[in-house]
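One structure below.
The values are calculated or read from the model by the stated rules, or taken from the named source; none is laboratory data. Please read these numbers as outputs of a predicted model, since none were measured by experiment. Cβ atoms come from the backbone with ideal geometry, glycine included; neighbour counts cover every protein chain shown. What goes into the accessible areas is simple: the full protein's heavy atoms, side chains included, and nothing from ligands, DNA or RNA. Shrake-Rupley method; radii C 1.70, N 1.55, O 1.52, S 1.80 Å.
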Amino acid sequence: MTTFVDRVELHVAAGNGGHGCASVHREKFKPLGGPDGGNGGRGGDVILTVDQSVTTLLEYHHSPHRKATNGKPGEGGNRSGKDGEDLVLAVPDGTVVLDKRGNVLADLVGHGTSFVAAQGGRGGLGNAALASARRKAPGFALLGEPGDLQDIVLELKTVADVALVGYPSAGKSSLISVLSAAKPKIADYPFTTLVPNLGVVTAGSTVYTIADVPGLIPGASRGKGLGLEFLRHVERCSVLVHVLDTATLESDRDPASDLDVIEEELRQYGGLDNRPRIVVLNKIDVPDGKDLSEMVRPDLEARGYRVFEVSAVARTGLKELSYALADLVAKARAARPQEEATRIVIRPKAVDDAGFTVTREDDGLFRVRGEKPERWVRQTDFNNDEAVGYLADRLGRLGVEEALMKSGARSGDGVAIGPEDNAVVFDWEPSVMAGAEMLGRRGEDHRFEAPRPAAQRRRNRQAERDEAEQGYEGFDPFAS
């Protein structure tokens, strides 16, 4: 059964914003007390937060779909809807957030570091908030915005100071078990370690973490033997330790050739050339291992490596190795640049930035893109004529109509607002006057009136009655 997962695909959905309420205050002797519709609540965000107690992404492997709660709709009496609750997802330290194309969205390192993976939709305004001097009793409210839907990939890169690398069965697990309190699986066959193991080592006043990376083989940098998954956990380590087996039973292997193979895989993976290296000749408790280590040590030291002869079983040479690693870790920590406090950067918009663009596509369709126009369209109830008229007024004040004219749009041309996969398309009819002062009954706007035969028939019958009454008033029964 899987107990460790370091890569998952997560489908997150933020909460939708609640709809605004269109309501009119009513009480005795005040049949029309004014608009009192409340605003809708904000939808909840989906937030990824680093938690030191979490060490694996296993939970999201079993449950990859996560959704925050929606905001509640507004109500009459100026009662705003409740905001949706944010969904906080705990992830291990060292989690990298990527999109489906592999672009890095966030690198979460350090306890408490957070990233908003999906933004909740904002709530719609109620008609009380939409009232103005010219629109005293709006018969509509704005809809809540839908929350973001995101498909993201989480990759865990182990955060440790020292990484033990080497061939399978080189003794890395045994070494970490005697250097720290970690208890990894140890056996006399290859690939007993399938997931990274972490241990904490104390050497004098220095405390550092050490990672047992699963065994590497030739071709690991190209993904052979799950090599890419293993090498990912080496990226954040400050010191690399080559654990070489001096008692291998394979005739075509020796410590020097093993070192060359692993170094070549690290070079092809990239980004690890500047890490200090230490070579550990393990299993010197075996007679042949002791002889072989004495033979290859001068050659390795001639290459510039610092070499330690140890035995994890006999526990010899461990103290010197532990303090040497502590010294390298302390130097690496001192060389790191000091973290600066996060500065708030304010980037004001340019004076000539209209906040939207108008482009003409090959098929003659004019497409309007921009944060405000697209948000206003999402919040408009197109079943309400007055709401559509309010949208037209807002777009006119923003300058969309003028920009369409400059782009060559004519009456009847198609105009789309929004992205290609979710746009509102309509036939453009340039307006001459603003619509706020021309509104009729609540919920209606005569700019969007359609022919109404029943109403026309009523008006005709009323005109006939009026004409008959006028003719009766002018009739004199005693006239000759």
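General remarks:
- If you go through segment 375-407 and keep only what is assigned to a loop (DSSP other than H, G, I, E, B), touching a Lys or Arg at 6+ places or on another chain (Cβ under 7 Å) and either buried (at least 18 other Cβ atoms within 10 Å of the Cβ) or on the phi > 0 side of the Ramachandran plot (or both), you end up with nothing.
- Selection from segment 268-287 of residues that are open to solvent by 30 Å² or more (accessible area, probe 1.4 Å) and in contact with a Ser or Thr (Cβ under 8 Å, 6 or more places away or on another chain): Gln268, Tyr269, Arg275, Pro276, Lys283, Asp285, Val286
- Only one of the numbered conditions (1) charged (D, E, K, R); (2) assigned to a loop (DSSP other than H, G, I, E, B); (3) touching a His at 6+ places or on another chain (Cβ under 8 Å) is violated by Glu85, and that is (3).
- Meets criteria (touching a residue at least 24 places away in the same chain (Cβ under 8 Å), over 19 Å from Tyr208 (Cβ atoms) and either part of a helix (DSSP H, G or I) or in contact with a Cys (Cβ under 6 Å, 6 or more places away or on another chain) (or both)) for Ala160: no
- Among the residues making up segment 50-83, those that are open to solvent by less than 40 Å² (accessible area, probe 1.4 Å), more than 13 Å from Gly123 (Cβ to Cβ) and in contact (Cβ under 8 Å) with a residue 60 or more places away in the chain are Val50, Thr56, Leu57, Tyr60, Ala68.
- When segment 176-189 is filtered for residues that are in contact with a strand residue (DSSP E or B) (Cβ under 6 Å, 6 or more places away or on another chain) and at pLDDT 80 or above, the ones remaining, listed by number, are Ile176, Leu179.
- If the condition is being closer than 21 Å to Arg7 by Cβ, open to solvent by 50 Å² or more (accessible area, probe 1.4 Å) and part of a loop (DSSP other than H, G, I, E, B), then segment 88-113 contributes Lys100, Arg101, Asn103, Val109.
- Scanning segment 335-374 for residues that are of a type in the set (D, E, K, R) and either surrounded by 10 or more Cβ atoms within 10 Å (Cβ to Cβ) or modelled with pLDDT of 70 or more (or both) yields Arg336, Arg347, Arg360, Glu361, Asp362, Asp363, Arg367, Arg369, Glu371, Lys372, Glu374.
- Single residue of segment 117-150 satisfying the filter (touching an Asp or Glu at 6+ places or on another chain (Cβ under 7 Å) and outside any loop (DSSP other than H, G, I, E, B)) that is surrounded by the most Cβ atoms within 10 Å (Cβ to Cβ): Ala128
- Of all the residues in segment 3-23, those that are among the charged types (D, E, K, R), assigned to a strand (DSSP E or B) and in contact with a helix residue (DSSP H, G or I) (Cβ under 8 Å, 6 or more places away or on another chain) number 1.
- In this structure, Val415 does not satisfy being within 28 Å of Cys21 (Cβ to Cβ), open to solvent by less than 50 Å² (accessible area, probe 1.4 Å) and at pLDDT 85 or above.
- Residue list for segment 26-42, restricted to those being at pLDDT below 95 and open to solvent by 60 Å² or more (accessible area, probe 1.4 Å): Arg26, Glu27, Lys28, Phe29, Lys30, Pro31, Leu32
- Apart from one condition, Asp245 fits all of (1) on the phi > 0 side of the Ramachandran plot; (2) surrounded by 12 or more Cβ atoms within 10 Å (Cβ to Cβ); the exception is (1).
- Verdict on Ser174 being in a loop (DSSP other than H, G, I, E, B) and of a type in the set (S, T, N, Q): no
- From the options Val88, Val159, residue that is among the aliphatic types (A, V, I, L, M) and under 30 Å from Ala203 (Cβ atoms): Val159
Yes/no matrix, rows are residues, columns are (1) at pLDDT 90 or above; (2) in contact with a His (Cβ under 8 Å, 6 or more places away or on another chain):
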site: Ile262; (1), (2): no, yes
site: Arg267; (1), (2): no, no
site: Val286; (1), (2): no, no
site: Met295; (1), (2): no, no
site: Arg306; (1), (2): yes, no
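- Note on segment 5-23: among residues that are closer than 24 Å to Gly144 by Cβ and in contact with a strand residue (DSSP E or B) (Cβ under 6 Å, 6 or more places away or on another chain), the one that is most open to solvent (accessible area, probe 1.4 Å) is His11.
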